[in-house]
Amino acid sequence: MASTQITSPRSDKNTLSQSQEIQAWGELYIFDLPKPLRGALFANDLILPYSLAPQTSVETSEEIWPGNLEWIKRIKLYSKAYRFEFFRCVLPQSFGRESGLIFDKPLSELRRLQYDDKILGHRRWTLIIFGKEKIAAIHLQTDLLKHDENETIKDRLVILKDEVKPVLAVETKKVHSKTKKERLVEKLTPKSSTGVDRDPMNKDLMKQAGSELLVSWETELEKSELIFAGATKKEISTFFPESSSLYNKLRSFPFDFGSPNIEELKRCYVKLTTAKLNLDLLTQEN
């Protein structure tokens, strides 16, 4: 099915002033889109149903831990092939295959999630990155601080709680120093065919540290609308089994993430929630 065409409430011809107005929007925060853009996206007089027109490759990868790294759905703006792009995994309900890939659900939910200062209450997310030496987590609200034109999304984040928990800080003191020969042998020795870790103590320490953090963050996790975890599938099955009440809130980061620290988690949140409007053709016409 082709993407739905969304017609600008103004002339179908893109003028220079229209282009400048769009560019002046700057960063597009997915939960607080500019009012004119909301009008274009959520128009009620479309000939075709609302559509995010997923790519075929994305349709075949509807898992919580997708092999497809981008998971971006596209629609057309201003009756041209300008793309409005965002990560579908930011939608709490219209994410899995069972909720429907096309038609009105994703856009209807996106519309419902838009910031409205008349509605009280803040939605919350938790982001966690599990590393070999430390685990970092932040708990934040999706409503941003009020801003002026010079402030970025990152400047406006409302962090309610953050923590960086070391994994090996204490325990490594108990491990004897390895000789140069031992380190060389360890480096050259491949893992067994069963994939058993050569240093099971590290796995135990990670499991212990991760479990301790999740227990201490029980309230924040329960209040979270979504939980984004940077971890391996095996770690996920350990910390968030399918029997867990948190399992349905889980998402993986749909892009590569870095070391577990607070700044990296902020960067990940901004990337997750920043929508893109492709203006290449628009600027070429003008």
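Readers should treat all values here as calculations from the given coordinates under stated rules, not as data from a laboratory. Given the structure is predicted, the values throughout are model-derived calculations rather than measurements. Glycine also receives a Cβ, built like all others from the backbone with ideal geometry; neighbour counts cover every protein chain displayed.
Exceeding 23 Å between C-alpha atoms, which entries from my cross-link table qualify? They are LYS134/LYS161; LYS35/LYS223; LYS165/LYS223; LYS35/LYS266; LYS105/LYS234; LYS165/LYS234.
Those over the limit are LYS35/LYS223; LYS35/LYS266; LYS105/LYS234.
List every residue whose amide H lies under 5 Å from the amide H of ASP32, counting only residues 5 or more places away in sequence or on a different chain, with H placed 1.01 Å from N in the peptide plane.
Answer set, sorted by chain and number: TYR115.
Would you tally the net charge around LEU140, using a Cβ to Cβ cut-off of less than 9 Å, leaving LEU140 out, and scoring K and R as +1, D and E as -1? Please list the in-between numbers first.
On the way: positive: ARG124, LYS161, LYS266; negative: ASP162.
After counting each charged neighbour, the total is +2.
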